[in-house]
Amino acid sequence: MKIVLIGIQGSGKSTQGNLLQKILGVPYLSTGHIFREMAKEKTQVGRYIKEVMNAGYLIPDEKTLEIVSEYLSRDEYKKGYILDGFPRTVNQAQSFANGIDHVVYLKVSDKEALWRISLRNDEVREDETIKAIHKRIELFHSVTEQVIEYYRHKGKLVEIDGEQPIDEIHKAILKKIKVKENE
Ligand code: AMP
């Protein structure tokens, strides 16, 4: 099964992605994680990615598509995957015709997301300055919400109230994608 998770930062995509990968038996892949790893490289590309990420901007579509395609061509993703953070622009979505089954939109208000991010203390991330977080939320509304509409028109969108407890959200996703919990 191929699933895309969409939602603002702090909406619970990685939590739900990790729960889903256990049940569905397909790997979870986060483009934010891939880029954070690339940003550690002391190369020109690494430095460029770090700069863009720390400002909260998006990596250009061409580069993003190139990297995602390279990952998804690997054997481990043959049976399917759970993608977090991609596609984020309509151009990325259009260029990525890869037989997606469901696009799960975790709907959380900006206020709730900002509250959750402020409470996170498990990791300190260089790209999580207040300015970068606000930029990312702004870009979600101006750019990524169009991706949600794109998939809604295609009949692929599953909209979930992301402000429920973790377990309730998990159950709601499984119900909508018609997967039984003991499968
Ligand atoms: P995330 O962890 O998903 O919030 O991603 C962190 C950062 O990685 C973003 O602010 C972007 O700079 C970059 N990024 C992740 N996914 C994408 C994407 N699909 N397109 C462009 N940039 C991305």
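Any read-out appearing in this document is the output of simple, stated calculations on the displayed coordinates, not a laboratory observation. These numbers come from a predicted model, not from an experiment. Quick reminder, even Gly has a Cβ in these numbers, built from the backbone with ideal geometry, and neighbours come from all protein chains shown.
Once phi is turned into ³J(HN,Hα) by the Karplus curve 6.51 cos²θ - 1.76 cosθ + 1.60 with θ = phi - 60°, what whole-Hz value does each residue of segment 4-17 show in order, with x for glycine and proline?
My calculation for segment 4-17 gives 10, 9, 10, x, 5, 4, x, 8, x, 4, 6, 4, 5, x Hz in order.
With n ≥ 4 as the cut-off for DSSP H runs, can you work out [θ] at 222 nm for the chain, using -39500 (n - 2.57) per run divided by the number of residues, rounded to the nearest 500?
-14000 deg cm²/dmol
Just to confirm my numbers, what's the Cα centroid distance between segment 1-63 and segment 112-182 in Å?
13 Å
How big is the dipole moment of the chain about its Cα centre under a simple scheme where the beta carbon of each Lys and Arg is +1, that of each Asp and Glu is -1, and everything else is neutral? Debye, nearest 20, please.
Once rounded to the nearest 20, the dipole reads 220 debye.
What is the gain in length, in nm to one decimal, between Ala97 and Glu138 on full extension, counting 0.36 nm per residue of separation less the C-alpha to C-alpha distance?
So the chain would gain 12.1 nm between Ala97 and Glu138.
Calculate, in nm to one decimal, what Lys176 and Ala55 gain on full extension: separation in residues at 0.36 nm each, minus their alpha carbon distance.
Contour length minus the Cα-Cα distance gives 40.0 nm.
Please list 3J(HN,Hα) in residue order for segment 143-157, calculated via the Karplus relation 6.51 cos²θ - 1.76 cosθ + 1.60 where θ = phi - 60°; whole Hz, with x for glycine and proline.
10, 6, 4, 5, 5, 4, 5, 4, 6, 4, 5, 7, x, 9, 7
Shape verdict for segment 10-132, please, from the Cα gyration tensor: rounded (a/c under 1.5), prolate (a/b greater than b/c) or oblate.
Oblate is the answer for segment 10-132, as a/c is 1.5 or above yet b/c matches or exceeds a/b.
Quick one: 3J(HN,Hα) in Hz for segment 162-178, Karplus 6.51/-1.76/1.60 with θ = phi - 60°, rounded, Gly and Pro as x.
Result, rounded to whole Hz: x, 9, 8, x, 3, 5, 5, 5, 4, 5, 5, 5, 4, 4, 5, 9, 6.
How much length is gained if the chain between Glu76 and Lys156 is pulled fully straight, taking 0.36 nm per residue apart and subtracting their Cα-Cα distance, in nm to one decimal?
Difference between extended and current length: 26.4 nm.
In terms of Cα to Cα distance under 16 Å, which lysines are near enough to Lys135, apart from those fewer than 8 places away along the same chain?
Leaving aside lysines fewer than 8 places away in the same chain, those within reach of Lys135 are Lys50, Lys111.
Ranked by Cβ crowding within 10 angstrom, fewest neighbours first, how are Tyr151, Tyr71, Tyr57 ordered?
Tyr57, Tyr71, Tyr151
Under a plain spin-label model, where a point goes 7 Å from the Cα along Cα-to-Cβ, how far apart in nm are Ile166 and Glu145?
Placing both labels 7 Å beyond Cα along the Cβ direction yields 2.9 nm.
Quick check for you: which residues of segment 1-22 have the amide N under 18 Å from the point 7 Å beyond the Cα of Lys40 toward its beta carbon?
The answer is none, because no backbone nitrogen lies closer than 18 Å to the label point.
Can you list residues whose amide H is under 5 Å from Tyr28's amide H, if they're 5+ apart or on another chain and H is modeled 1.01 Å from N?
Residues meeting the criterion, in which the H sits 1.01 Å from N, are Ile82.
Determine the shape class of segment 105-170: with a ≥ b ≥ c the square roots of the Cα gyration tensor eigenvalues, call it rounded for a/c under 1.5, and otherwise prolate if a/b is greater than b/c, oblate otherwise.
Oblate.
With springs only between Cα atoms under 10 Å apart, run a GNM on the chain and tell me which of Leu65, Leu83, Leu29 wobbles the most.
Evaluated over the chain, the most mobile residue of the options is Leu65.
Mind checking which of Pro165, Pro87, Pro27 has the largest fluctuation in a GNM of the chain, springs on alpha carbons under 10 Å?
Answer for the Gaussian network model of the chain: Pro165.
Using +1 on the beta carbon of Lys and Arg, -1 on that of Asp and Glu, and nothing else charged, what's the dipole of segment 94-183 about the Cα centre, debye to 20?
With Lys and Arg at +1 and Asp and Glu at -1, about 320 debye.
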